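The values are calculated or read from the model by the stated rules, or taken from the named source; none is laboratory data. These numbers were taken from a predicted model, which means no experiment stands behind them. Virtual Cβ from ideal backbone geometry, glycine too; neighbours counted across all protein chains shown. Only protein heavy atoms, including side chains, enter the accessible area calculation; ligands, DNA and RNA are left aside. Shrake-Rupley method; radii C 1.70, N 1.55, O 1.52, S 1.80 Å.
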Amino acid sequence: TPPSSEVVAARTRESAGGGDMRDRVRAFDWSATPLGPIEHWSQSTKTLVDTVLGSGFAQILLWGPELIQIYNDAYGDVIGRKHPTALGMPTRECWPETWHINEPIYARVMGGETVHLENAPYPLDRHGALEEAYFTLSYSPVRDDDERIAGVLVTLVETTKVVRAQLVEAERARLVRELEVESARLEEVFRQAPAFMAMVRGEDYVFDLANDAYIRLVGGRDIIGKPVREALPEVAQQGFIELLDQVLRSGQPFVGHEIPVTLEQEDGEKRELFLEFVYQPITDADGNRVGVVAHGYDVTEQTRARREVERVNAELERSAAELRASEQRLRDIFEQAPVAVAVLSGPEHVYTTVSPRYAQMPGGGRPIHGRPVREAFPELVGQGLIELLDRVYETAEPYFAPERLVRLDLDRDGIAEDYYFNIGYQPLLDPDGKVYAVASVAYDVTDQMRERHELEVAREIAEDARHEAELANRAKSAFLTTMSHELRTPLNAVAGYADLLLLGVRGPLADGQREDLERIKRSGQYLLGLINDVLNFAKLDAGQVEYRIETVQVAPLLEGLEELIRPQVDTKGLRYHHGTCNGELALRADPEKVRQILLNLLANAVKFTDAGGEVTLECHSTGDFVAIEVCDTGRGIPAGQLETIFDPFVQVDRHLTPMSQQGVGLGLAISRDLAIGMGGGLEASSTVGRGSRFTLTLPRAREP
């Protein structure tokens, strides 16, 4: 006789045992589900339920055509806010977000196949929002008492943390690879840069980096990892170690112009070179100065060319002075009649009178008195001079030939040499007005002609040197512009990748990863700002900046600056005062360039003014100009540095400025050049401890 329904229910309750889910299964109204009351369940169903509830692994039994859910405590811990309402619910209603994944799997399992998945992704809504979770699962078919497949048994282990850790590690590895690629690109740019660059670290100044140009500069020596004194012993006695000490100690860059240095070259010879270079201190993340970067150019050829031009110019000046003195002496001699004069009589031009000076001239030392010119100077035949004497004798017309080329055989060996003379032939008349002789006056100007030729050659050399110097300067400006553009491209890529990662395109980020990416982004933006400054300065230096001059109303321009500078002012806890400006006051300038200058001055004022201080912006007219003043109550500028703040790459109190606020010292230099380019100027005055005043002057617009 089969047991009664009361006996079956009692046995089921006994087999359910203890546990939260066992209690819930006992108490659940199964009669409201397609499974019906527990008392009507088949023995295989009860056995499977008992097995699931007793398992230490997360398991769920999906029973019947509707795949009704029965699960254990471990599974309840996995499904979050859907527990315990998921009990007795068709799995499609409970997990609609995963039905597109599970439906084909359930079909396979109900057909008798066991499906196993490793680290499978599932979009789950178990905490109020969809999240991607990962599981290792086994879907197994289970049979009823009649050996027909009546359900699916799912055993699962959540691997979300492991998979996410693997994904994060993979992403980190990808980022590292990308950064390594970008680093390699930057390193290649650094290595192939025509300017020499090197970086030394520590108190012993150990070479950390050096590009090809620097290695060539020092004769191809192996210097990486060695202190400067060991790698380049010859510079230790030339004052460069002391310069490095000064830069590292003070935090101020050193700019050297045409600095001489003796370096050993590859052939073992020591040569004097001339360098244009900058020693720039480098700091670590805490702001500590840890080394120095050297960057510059070998300007030996340009320097020597310039010095040669200066030497030639000095010699030209001396030669010109000597020539003037020589001319004065010749005038004195002429006035005192010690001139080279000879009288040639008759149609044969016989030397009858010769002055002492004549005998001292080239060719004049030979015996000529009483001899015809053709006999005394046979080498003159065919040079046209004797024919000129004939014409003067026949026509009585004087002749003067300056710098006449004459070939003379001084040694009488048949070898003639070229000489230059200022020649004058003056006919001498008898009382009847007939020519009886010709007075020959000659000045030897051979040396002057040769000096003139040498001067012309020297001028050509000087002009060539000047042209080469101009080409070198243009090449420098072109290099700065090109390298700034080339460096901005990878930096923009780094910032873009950082933004994408921060937006979560590669998945959620841990706090440490987000902080690292923010640091990468800030560093990239900081370096991009420096490169933009270098690019702007290079454009100014190359004369590539265009100005759109127009009439600009001053008051609206200054009022519009407040909303741009206000966030910085409030962050620092400063007071900002905008003085009243005449509403009719206008100036002639490029409005964008004026705004750029004033924003730079205001940003500097905020940067160097401590909390509680004040920054003011005022304007007034001064004749043909408009003066706009930016004042602050900050730390001020020492008098010794006030004269250099507008020089390129100069920064005041760099060691007192946070790394994120530092630049390359081009802001004021660019601002001053822009002001000058618009026909104005930029000046500064300051008192240490009381503040600074920067005055921008621009041409005032006149009323029509």
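The single condition among (1) touching a helix residue (DSSP H, G or I) at 6+ places or on another chain (Cβ under 6 Å); (2) open to solvent by less than 50 Å² (accessible area, probe 1.4 Å) that residue 145 does not satisfy is (2). Residues of segment 567-581 that are closer than 30 Å to residue 549 by Cβ and in contact with a helix residue (DSSP H, G or I) (Cβ under 7 Å, 6 or more places away or on another chain): 568, 576, 578, 581. Among all residues of segment 154-163, there is none that is free of Cβ contacts under 8 Å to residues at least 40 places away in the same chain and of a type in the set (A, V, I, L, M, F, W, C). Residues considered: 425, 420, 443. Of these, the only one that is open to solvent by 40 Å² or more (accessible area, probe 1.4 Å) and at pLDDT 85 or above is 420.
Is it the case that segment 20-35 has a residue that's within 60 Å of the chain's Cα centre (by Cα) and under 23 Å from residue 125 (Cα atoms)?
Scanning segment 20-35 turns up no residue that is within 60 Å of the chain's Cα centre (by Cα) and under 23 Å from residue 125 (Cα atoms).
Remark: pairs (first residue in segment 110-133, on the phi > 0 side of the Ramachandran plot; second residue in a strand (DSSP E or B); Cβ separation under 9 Å; 6+ apart in sequence or on different chains) = 112/141; 112/149; 119/134; 119/135; 119/136.
Checked against (1) farther than 30 Å from residue 640 by Cβ; (2) of a type outside the set (Asp, Glu); (3) modelled with pLDDT under 90, residue 214 meets all criteria but (3). Candidates in segment 286-301 are the residues that are open to solvent by 50 Å² or more (accessible area, probe 1.4 Å) and in contact (Cβ under 8 Å) with a residue 24 or more places away in the chain; of these, the one that is farthest from residue 242 (Cα to Cα) is 301. One residue stands out in segment 674-688 among those that are surrounded by fewer than 17 Cβ atoms within 10 Å (Cβ to Cβ) and more than 25 Å from the chain's Cα centre (by Cα): the one that is farthest from residue 594 (Cα to Cα), namely 688. Selection of helices (runs of 4 or more DSSP H) fully inside segment 1-117 by the criterion of at least 2 residues being over 22 Å from residue 133 (Cα atoms), at pLDDT below 90 and open to solvent by 70 Å² or more (accessible area, probe 1.4 Å) returns 5-16.
In summary, strands (runs of 3 or more DSSP E) completely within segment 560-643 and bearing 1 or more residues that are at pLDDT below 90 occur at 575-578, 614-622. Beta carbons closer than 8 Å, at least 6 apart along the sequence or on distinct chains, pair a first residue in segment 547-569 that is touching a residue at least 12 places away in the same chain (Cβ under 8 Å) with a second that is open to solvent by less than 70 Å² (accessible area, probe 1.4 Å) and aromatic (Phe, Trp, Tyr) for 562/576; 565/576; 569/576. Looking across segment 175-209, the residues that are assigned to a helix (DSSP H, G or I) and either in contact (Cβ under 8 Å) with a residue 12 or more places away in the chain or surrounded by 15 or more Cβ atoms within 10 Å (Cβ to Cβ) (or both) come down to 175, 178, 179, 182, 185, 186, 189, 190, 191, 192.
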